[in-house]
Amino acid sequence: MGSVIGGALARAGKDVTLIDVSRETVEAIRSRGLIIQSKDGRQQVVRVPVTDEPATVGPVELIVVFVKCYQTESAIRNAAPMIRPTTTILTLQNGWGNAARIGQIIGPDKLLVGVSYHSATVLGPGHVLHAGEGATFIGEPDGTFSDRLAATADLLSAAGIAVTPTASVLEEIWSKLALNASTLPTSAAIRVTAERLLRTNEMQRLMRAILEEVVAVAQAQGISLDLHERWETITGLLRKLAPDTKGSMLQDVERRRRTEIDVINGAVVEAGRRLQLPTPYNDAMCGLIKALESSFEE
């Protein structure tokens, strides 16, 4: 997703630099450009600066964070030379808890939060499939509207990523969390691409049971989620995905990498314990994915 957003900004003529820890990815983009492939197979090569050394970029107006949850703290600390008093940091990462980690390091005054329903799959170093398009919501953590919120939304929208600034950003984050909790670990656990999740009644029942727990936990925190709306939206999104779309967790499992289960289903389990609400289905998904992760070390 960093490639999709960064590539869109570069195509729109914005001064943007991609940052990645993978030397192979950096060299691939430098040598032949960033390849963004659409659902119909068309490829676009975008020439965009890229580096694995944030200190070489210099101070910036906006940082968009897409790293894995367990890389958040190190990424923000490494980005310190890019941050000035007026820098805005926008997290569009999966899960719940990334904003708190970022805010503890740079202060909440620089932070915007949000979610995006665009989806992307890594096909190779510097080569991504833009598998699905959808809405993107961003907001101030306290729900207020600000000039920087409006400016950030306008910037991304002008680059072709339609963004809605909202005072209900926490609801939007939990809405996306409901999608991810229902689809990412289920897909990864049985190693099927996202659009195949709806093929059996058994999987649909499991996904809905996971979703019911997420909705109950959200509502107990005063976050308004509607079970019927979420289920219809999730199934509708799955039906629109390109064939062979791989969610981020399935991509991690196939590459034998650590997943983001802790900030997705794990966040639901943690909130459920705090609120004394049972979350057995989300707990089971955490157990399954953790067991998969442990096998990577063998």
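The values are calculated or read from the model by the stated rules, or taken from the named source; none is laboratory data. All figures in this text were calculated on a predicted structure; none of them were measured in a lab. When we count neighbours, we look across all protein chains shown, and the Cβ atoms used for this are built from the backbone with ideal geometry, even at glycine.
Descriptive notes on the structure:
- Restricting attention to the stretch 253-263, the residues that are surrounded by fewer than 20 Cβ atoms within 10 Å (Cβ to Cβ) and not in a helix (DSSP H, G or I) total 4.
- Applying the set (1) in a helix (DSSP H, G or I); (2) surrounded by 16 or more Cβ atoms within 10 Å (Cβ to Cβ); (3) of a type outside the set (Gly, Ala, Ser); (4) under 21 Å from the mean Cα position of the chain (by Cα) to residue 245 leaves exactly one unmet item: (1).
- Criterion (buried (at least 18 other Cβ atoms within 10 Å of the Cβ), in the same structural domain as residue 153 (by TED's automatic domain parsing), of a type in the set (A, V, I, L, M) and in a loop (DSSP other than H, G, I, E, B)) met by exactly one of 21, 67, 26: 67
- Within the span defined as the stretch 215-223, every residue fails to be assigned by TED's automatic domain parsing to the domain that holds residue 285, free of Cβ contacts under 8 Å to residues at least 40 places away in the same chain and under 28 Å from residue 128 (Cα atoms).
- Scanning the stretch 193-203 for residues that are surrounded by 16 or more Cβ atoms within 10 Å (Cβ to Cβ) and over 19 Å from the mean Cα position of the chain (by Cα) yields 196, 197, 203.
- Any hit, the stretch 202-213, residues being within 22 Å of residue 120 (Cα to Cα), in a helix (DSSP H, G or I) and out of contact with any Cys (no Cβ under 8 Å at 6 or more places or on another chain): yes
- Some residue of the stretch 264-287 being assigned to a loop (DSSP other than H, G, I, E, B), touching a strand residue (DSSP E or B) at 6+ places or on another chain (Cβ under 8 Å) and within 20 Å of residue 98 (Cβ to Cβ): no
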